[in-house]
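The values are calculated or read from the model by the stated rules, or taken from the named source; none is laboratory data. Model, not experiment: these values are computed from the prediction. With ideal geometry, Cβ positions are generated from the backbone for all residues, glycine too; neighbour counts draw on all protein chains shown.
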Amino acid sequence: HARQFGMIFSMVDEVVEKRTPLQLSMDELAKRLSMISFAVIAVICLMGVWQRRPWLEMFTIGVSLAVAAIPEGLPIVVTVTLALGVLRMSHRKAIVKKLPSVETLGSVSVICSDKTGTLTTNEMAVVSCFTAEDAIIDVAHHLSHKHSQALSRILLTGNLCNNSHRNELGTNVGQATDVALVNILRTFGLEDQRPYFRRSSEVAFDSETKFMAVTGVLSTAGVGAAETVYVKGAYEVVMDKCTTVLGADGSPVRLDEAWRTKFQQAADKLSSQGLRVVGFASGPSGSLDARTLTFAGLQAMQDPPRPGVKDAIASLARGGVQVVMITGDAEATAVAMARQLGILSPTSSSTTSASSASIPGVLTGRQIDALTERQLQERIASVSVFARTTPRHKMAIIAAFQANGAVVAMTGDGVNDAPALKMADIGISMGKGGTDVAKEAADVILVDDNFATILAAVEEGKGIFYNIQNFLSFQLSTAVAALTLITLSTAFRLKLPLNAMQILFINILMDGPPSQSLGVDPVDRRSVMARPPRAKNAPVLNTRLLYRIAFSATMVVLGTLYVYVHELVPADIEAPAGGKVADQRDSTMTFTCFVLLDLVSAVQNRGLHTPLTANRMLGITVSISLVAQMSMVYFPPLQGVFQTTGLAFGDLVFLVAIAAVSFGMHEARRTYERRIAQEETKDFAAGSVDWA
């Protein structure tokens with residue numbers, strides 16, 4: 001065990017932690033904004049020097065432009081948005097350990113999920129048995145308490161080769177398979193034999209070997225009874241360790257090809273019903289190593305799907321997220337459950353050969369071993385079910401998906417899952433059934449162990465990314481507008497429309513609270529899940545967002561310039577050198593117009609499907625900003641600081657009318673964007689691969 005733990009931890013250490021798509025995008029955005037901003041500032045300063053403007057004035061302009069161009073609120077808003085996303089997800093039974101992981105969930109294109117305990121309830125119950133003596137026995141309709149030798153042997157083996165225990169409430173607890181093998185005894189009128197069994201050794205179950213064995217003496221067997229080894233596990237693994245089988249009369253006979261075929265057919269029939277099939281064998285001490293055990297029969301267990309999982313998988317499929325089942329169960333069992341859950345379509349046939357080309361298909365661990373890394377990458381896009389896998393296979397599967405450009409989420413609960421959880425872009429551990437090692441390696445912990453919770457997490461992740469885009473659209477349009485306004489006034493030798501204090505107010509106050517509010521827009525789950533996952537290398541600022549930024553900035557610049565030029569008199573335009581600062585009335589009108597248009601931009605950069613009154617925080621912050629602006633204009637102490645003067649009622653009506661025109665233009669833009677988004681959604685739904 002110590003060697004296995006050491007190997008697992010070394011595998012975990014070898015996995016390098018990767019930066020999330022959002023972190024990569026933000027790094028790239030910050031570099032580009034800085035380069036563009038400083039390039040524009042350099043051009044403006046050179047233009048000013050060429051115009052023989054004072055150096056101090058050009059320095060002031062440069063600083064003003066730098067403040068206007070760099071979105072200093074970006075790190076704060078992103079952090080707050082992610083933190084609030086973490087809070088909302090905790091209410092939906094998902095605990096996120098790392099902030100950037102929230103948004104990464106929205107980029108997930110493949111979810112590799114364990115079957116047992118995540119897709120299913122992990123509440124096993126034996127529903128069928130098979131022996132050569134009895135054929136298939138339906139437990140629900142088995143009334144006889146007179147058991148054949150073979151049936152007694154598989155029940156006894158399942159009872160003794162078992163590590164479950166009874167708690168203080170009298171309920172059997174432990175690994176789900178073990179609990180089911182003890183619970184079935186009551187159905188057949190048998191008692192637990194473990195109190196009479198003296199165990200001398202145990203071979204623990206391992207996901208690589210897929211069997212468990214115990215050796216000991218049963219006191220009820222009589223005085224001088226020899227030690228016996230009892231084995232349970234994957235039926236094909238157990239059968240490979242046997243040379244005899246309990247035949248039709250209950251006595252051992254040679255395990256020939258005919259018997260193997262008979263048991264294989266029975267196992268396939270039970271597996272095709274979605275049942276987990278376990279094989280049982282026993283023999284004298286030493287027969288396990290000698291591979292001379294006697295095969296007794298099979299027990300088949302049912303583990304029903306969790307409520308809501310099928311609907312969650314369908315919703316994820318519509319959102320372009322492929323759900324892949326990875327299980328240690330037999331291929332037929334995995335296929336039957338995958339069909340029940342909608343991972344495989346009812347018409348798809350299970351693939352039993354590596355050369356099969358069915359889409360979607362099934363791969364077994366043995367077939368994965370036979371493929372090279374390149375071959376696995378080529379095959380994996382058409383595979384939705386992986387059966388008879390080990391933790392080692394999970395890492396190969398994740399690596400293949402990632403090599404194809406997918407953002408992969410992985411669910412797991414065991415110690416052996418830790419390397420795969422850390423390797424995936426998002427590791428998801430179970431809260432109830434997960435080991436501490438798995439929880440430590442994971443990025444997200446599902447409190448209720450329910451797969452449907454992942455859907456909620458993906459919805460939240462997608463919503464957060466779109467909120468960040470909305471904030472960026474507002475923030476950058478404000479920066480572009482201020483930059484353009486100052487650039488144009490400098491180029492045309494006009495007086496500066498805004499002074500340094502006014503620019504600081506616009507950037508710090510205006511781009512603070514309203515943009516923070518855009519980060520907490522309510523998520524419209526239907527619209528976000530109708531869009532495909534974001535590609536790992538896709539920029540935050542896509543083409544549509546750049547158009548929106550340009551439109552918003554144009555609205556602010558045109559409105560502000562109109563007011564500014566409208567207010568200037570001919571003498572102001574050709575003012576003597578050193579007097580190129582607009583008087584207080586000009587400056588106040590321009591400043592107030594810029595703020596009003598910027599507030600309209602904030603309101604209209606909310607989510608495309610978000611109603612006007614849905615984001616209360618946005619309404620509050622915009623109102624506070626409006627009150628603050630009026631204070632700048634009419635409160636004497638602030639008039640001195642910001643160099644403003646009181647405006648007449650007619651002036652305010654004029655400015656509100658301009659803001660109303662901007663609001664209407666924005667509404668037309670939003671309507672157009674919604675129509676484009678709906679068309680893209682239809683194209684995506686029609687053109688996406690129907691893997692479910």
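Assorted remarks:
- For the range 141-155, the candidate set comprises residues that are touching a Ser or Thr at 6+ places or on another chain (Cβ under 9 Å) and surrounded by fewer than 21 Cβ atoms within 10 Å (Cβ to Cβ); within that set, the residue that is modelled with the highest pLDDT is GLN149.
- Of the residues screened, THR220 is not one that is part of a strand (DSSP E or B) and farther than 23 Å from ASP303 by Cα.
- Whichever residue in the range 127-162 is part of a helix (DSSP H, G or I) and of a type outside the set (A, V, I, L, M) and, among such residues, is farthest from ARG318 (Cα to Cα): GLN149
- Filter result (on the phi < 0 side of the Ramachandran plot, out of contact with any strand residue (DSSP E or B) (no Cβ under 7 Å at 6 or more places or on another chain) and not in a helix (DSSP H, G or I)) within the range 104-126: THR121, GLU123
- Scan the range 360-404 for residues that are among the basic types (Lys, Arg) and more than 17 Å from ALA334 (Cβ to Cβ) and the total you get is 2.
- Identity of the residue in the range 214-233, in contact (Cβ under 8 Å) with a residue 12 or more places away in the chain and out of contact with any Phe, Trp or Tyr (no Cβ under 7 Å at 6 or more places or on another chain), that ends up surrounded by the fewest Cβ atoms within 10 Å (Cβ to Cβ): ALA226
- Verdict on MET337 being outside any strand (DSSP E or B) and crowded, with 22+ Cβ neighbours inside 10 Å: yes
- Scanning the range 293-329 for residues that are within 23 Å of ASP134 (Cα to Cα) and either over 44 Å from the mean Cα position of the chain (by Cα) or not in a strand (DSSP E or B) (or both) yields LEU293, THR294, PHE295, ALA296.
- Exactly one residue out of LEU82, LEU56, LEU99 is modelled with pLDDT under 80 and outside the structural domain of ARG318 (by TED's automatic domain parsing), and it is LEU56.
- Those residues of the range 555-568 which are touching a helix residue (DSSP H, G or I) at 6+ places or on another chain (Cβ under 8 Å), assigned to a helix (DSSP H, G or I) and either touching a residue at least 60 places away in the same chain (Cβ under 8 Å) or hydrophobic (A, V, I, L, M, F, W, C) (or both), in sequence order: MET555, VAL556, VAL557, GLY559, THR560, LEU561, TYR562, VAL563, TYR564
- Total residues in the range 237-292 satisfying the condition of being within 24 Å of THR209 (Cβ to Cβ), outside any strand (DSSP E or B) and basic (Lys, Arg): the figure is 3.
- The range 178-201, residues that are touching a residue at least 40 places away in the same chain (Cβ under 8 Å) and either out of contact with any helix residue (DSSP H, G or I) (no Cβ under 9 Å at 6 or more places or on another chain) or in a strand (DSSP E or B) (or both): VAL179, ASN183, GLY189
- Counted residues, the range 180-207 - those being over 13 Å from ASN162 (Cβ atoms), small (Gly, Ala, Ser) and in contact with a strand residue (DSSP E or B) (Cβ under 9 Å, 6 or more places away or on another chain): 2
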